[in-house]
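Reading through the structure tokens given below for one structure.
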Amino acid sequence: MDSELIVKHKLLNVFQSAALLIILAALMTYIAWAIAGEFLAWIAFALVLFLYFSNPVITPQFILKMYSARPIGIHEAQPIHQLVQAIAQRAGLKHVPKLFYIPSRVINAFALGSSDDSIVAISDGVLRKLNLEELAAILAHEITHVKNNDIRVMTFADIAGRITKILSLLGQILIFVNLPLILFTNMQLNWIPLLIMVFAPLVSDFIQLGLSRVREYDADLGSAILLGDARPLASALAKMEYYKHNILGGLFVPIQKIPEPSLLRTHPPTEERIRRLLEFGKTAHLEPLSQRINLYQDELPVHTLTRRVHNPRRRFTGFWY
């Protein structure tokens, strides 16, 4: 993949993310205006700016505790720590992300925190099912999220979406309280703001889903650039999809793939992500990481972690792992 194609995809992702964030902020501000006029609209606009620049986030330790995660010591997985350090250096991060282990058979990984203090958590399923090259691709994907401040962007979108839903509910309650006055007087009711308030929660959910997809595509591209090759991530995604359906299939009889509505996917369809990655192929942007680190070492164990995993199920926290 040449530099021109890289720039094209990055600009497209940035434009789509910015457009979705602006629409979400405008929706929240408009509902505030519809409820109480210009004064509340300015307050909502100021709140949008405050939320974005103050970056209020749930502490990573809180999330890690929900997943029963624990730190991975260097002595337990030295090759993986070397990978994280090499990828973080390539990404230009000043601080190397900390590694955490999730005791679950589900193949999962995620990033938390900011570029100054970040965490990458990987599940037991990732460590057991993926080879070192595929694991490097997953780590590069998560480190790209850290580099791009995706955690901050998605946290802002989530909080703005929640405020939009609260304002929407408040507006509908006010209309319901004033319903007798509307019905028995000549008061004119503007239906456009009412309809926007009714559908605003659904629209904000779709905006957040769309934003999540864009950020995932961008992280896929970042993984390809950092590794110098898009194929390892494509292979890892194919394995993750295969094992995910096998785990789900073991819970249901007869075994079959459970369809998921495309509009409700937080991540893009795996098939589309793989198609894009294979289209990228090898990148000429950076020297392949495999030339600096041996990603095909079979003679040494990648880790010595003791396997104590949970069976996949829905937890009381709402997480499935």
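Read-outs: derived from the displayed coordinates by stated rules, not from any lab. The model shown is predicted, which means the values in this text are computed figures rather than measured ones. In this analysis, Cβ positions are derived from the backbone assuming ideal geometry, glycine residues included, and neighbour counts consider all displayed protein chains.
Brief remarks on what is shown
- Label-point separation in nm, residue 65 to residue 128, each point 7 Å along Cα→Cβ: 2.8
- Gyration tensor (alpha-carbon) shape descriptor, segment 94-250, a/c threshold 1.5: prolate
- Segment 125-164-segment 63-81 distance, computed between alpha-carbon centres (Å): 16
- Relative contact order, percent, segment 87-150 [alpha-carbon distance under 8 Å, six or more residues apart]: 36
- Computed from the Cβ-Cβ distance with R0 of 25 Å, the FRET efficiency linking residue 26 to residue 114 stands at 0.40.
- Extension gain (nm, one decimal) between residue 54 and residue 75, 0.36 nm per residue minus Cα-Cα: 3.8 nm
- A cut-off of 5 Å between modelled amide H atoms, ignoring neighbours fewer than 5 places along the same chain, links residue 229 with 283.
- Loop-located trypsin sites (Lys or Arg not before Pro) in segment 19-122 (DSSP state other than H, G, I, E, B) with a sparse environment of at most 11 neighbouring Cβ atoms within 10 Å: 94.
- Net charge of Cβ neighbours under 15 Å - reference residue 168; Lys, Arg +1; Asp, Glu -1: +1
- Computed from the C-beta positions of residue 270 and residue 18 and an R0 of 22 Å, the FRET efficiency is 0.25 to the nearest 0.05.
- Amide H contacts of residue 106 (H built 1.01 Å from N, in plane; Pro and chain starts excluded): 125 sit under 5 Å, all sequence-distant by 5 or more or on other chains.
- For segment 81-89, the Karplus equation 6.51 cos²θ - 1.76 cosθ + 1.60, evaluated at θ = phi - 60°, returns couplings of 4, 5, 4, 4, 5, 5, 5, 4, 5 Hz by residue, with Gly and Pro reported as x.
- Evaluated at q = 0.09, 0.12, 0.21 Å⁻¹: base-10 log I(q)/I(0), Debye formula over Cα of segment 1-126: -0.45, -0.73, -1.15
- Restraint check, 65/94; 10/147; 65/147, Cα-Cα greater than 19 Å: 65/94; 65/147
- From phi via Karplus (6.51, -1.76, 1.60), per-residue ³J(HN,Hα) for segment 137-148 in Hz, x at Gly/Pro: 5, 5, 4, 5, 4, 5, 5, 5, 4, 5, 4, 7
- In straight-distance terms, cross-link reach from residue 129 covers every one of the lysines whose alpha-carbon lies under 17 Å from its own, apart from those fewer than eight places away in the same chain; here that gives 239, 244.
- Residue-by-residue Karplus 3J(HN,Hα) for segment 213-225, coefficients 6.51, -1.76, 1.60, Hz, glycine and proline x: 5, 4, 5, 5, 4, 5, 5, 4, 4, x, 4, 4, 5
- Annotation: amide H of residue 98 within the under-5 Å range of 118, 119, 120, sequence separation 5 or more or interchain, hydrogens built in the peptide plane.
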